[in-house]
Amino acid sequence: MFPNVAGPIGLFDSGYGGLTIFDKIHQLMPAYDYIYLGDNARAPYGTRSFDVVYQFTRQAVHKLFEEGCQLVILACNTASAKALRTIQQKDLPGWDPDRRVLGVIRPTVELVDTISRTKHVGVLGTSGTISSGSYAIEIHKMFPHIQVTGEACPMWVPLVENNEFSSPGADYFVRKHIDHILSADPRIDTLILGCTHYPLLIDKIRRFLPPGITLFSQGEYVADSLRDYLRRHPEMDRKLTKEGRCRFLTTESAEKFSDTASLFLNTPIEVERVDL
């Protein structure tokens, strides 16, 4: 069904946010080849149902496998929360049991216990990620003693994608959700940025945080986890090409994607439009 040859690492997101994950992975492992796919034509995923997110994510993973990827990272919290497990259990065995699809939630969760002193952790995310309870579920699987509080921040992604993340107008929406989650649990000492867009708001978020709270951004932890995964699975590492090439695909306007991607990567890129 798919090319049975070595290929690039695939990264998928509903839009642009996964570029913050790609950037950290690429910085850590620049020798590898990558394909990034953004389903911008159907973004955002955050408010969509489990079934719709699963169907859209399944189509995207299938496309990346067709492009030669042996390993795909769902660089999207909503897709990781609502589609990863079903794709791993239902689709991969029929497609190709030797290929892999990984998410961004588990690598983030694995380090929470070592970072939090009070064992009270907050998660800031899209409505879809928070309503799924995926972070709380994964944290409680590994660390049942940790108290988890979620806060949906529906305006944060539009602020980032409209290049308003550093504007004074963003202050209200950032402060509102910071105050709300800390009021819900004043003992929180660690906040997870559970959306790949949110690192662009990190300076503003820090401005409204009281002292002593650790802000936990995903990119570097996901990158470290992927490098460790490939060290532990040399059979997969051998299936990944390493010529330092990067391709960027979008389901919407290539020109628009290229313009907006520069906010995340600080460099111009060439983009191809594709259909799923």
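The values are calculated or read from the model by the stated rules, or taken from the named source; none is laboratory data. The structure presented is a predicted model; accordingly, all values stated were derived computationally and were not measured. Here Cβ is always computed from backbone atoms with ideal geometry, including for glycine, and neighbour counts include all displayed protein chains. Heavy atoms of the whole protein, side chains included, go into the accessibility calculation; ligands, DNA and RNA do not. Shrake-Rupley method; radii C 1.70, N 1.55, O 1.52, S 1.80 Å.
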Reciprocal of mean inverse Cα separation for the chain (Kirkwood radius, Å): 18.9
With every protein chain in place, segment 221-265: carbon and sulfur % of accessible area (1.4 Å): 43
Exposure of GLU66 as accessible area (Å², to 10), given a probe of 1.4 Å and all protein chains: 90
Those aspartates and glutamates that a straight Cα-Cα span of less than 16 Å connects to LYS204, excepting residues fewer than 8 apart in one chain: GLU161, GLU164, ASP171, ASP179
Carbon plus sulfur fraction of accessible area for segment 72-200, probe 1.4 Å, in percent: 53
Size of electric dipole in segment 190-230: Cβ of Lys, Arg +1 and of Asp, Glu -1, about Cα centre, debye, nearest 20: 220
For segment 158-276, radius of gyration divided by Kirkwood radius, i.e. Rg to Rh on alpha-carbons: 1.06
Rg over Rh, two decimals, segment 81-199 (C-alpha only, Kirkwood Rh): 1.03
Relative contact order (percent, whole number), segment 7-164, Cα cutoff 8 Å, 6+ residue spacing: 22
Relative contact order %, the chain, counting alpha carbon pairs below 8 Å whose residues are six or more apart: 27
Candidate aspartates and glutamates for bridging to LYS119, where Cα separation is under 14 Å - those fewer than 8 sequence places away on the same chain excluded: GLU110, ASP185, ASP189
Long-range Cα-Cα pairs in segment 1-153 (distance over 23 Å), rounded percent: 38
Theoretical ellipticity at 222 nm over the chain - DSSP helices of four or more residues, -39500 (n - 2.57) apiece, nearest 500: -11500 deg cm²/dmol
Surface accessible to a 1.4 Å probe, per residue, for the residues of the chain, Å²: 43
Histogram of C-alpha separations across segment 193-248, 10 Å bin width, %: 18, 33, 27, 16, 6
Nearby lysines by direct alpha-carbon distance to LYS82 (threshold 18 angstrom, same-chain neighbours under 8 apart not counted): LYS90, LYS141
Net dipole in debye of the chain [+1 Lys, Arg Cβ; -1 Asp, Glu Cβ; about Cα centre; nearest 20]: 600
Separation between Cα centres of segment 204-276 and segment 60-114, rounded to whole Å: 14
In nm, spacing of pseudo-spin labels at ARG247 and GLN27 (7 Å Cα→C-beta vector): 2.6
Solvent exposure ordering (accessible area, 1.4 Å, most first) of LYS256, LYS119: LYS256, LYS119
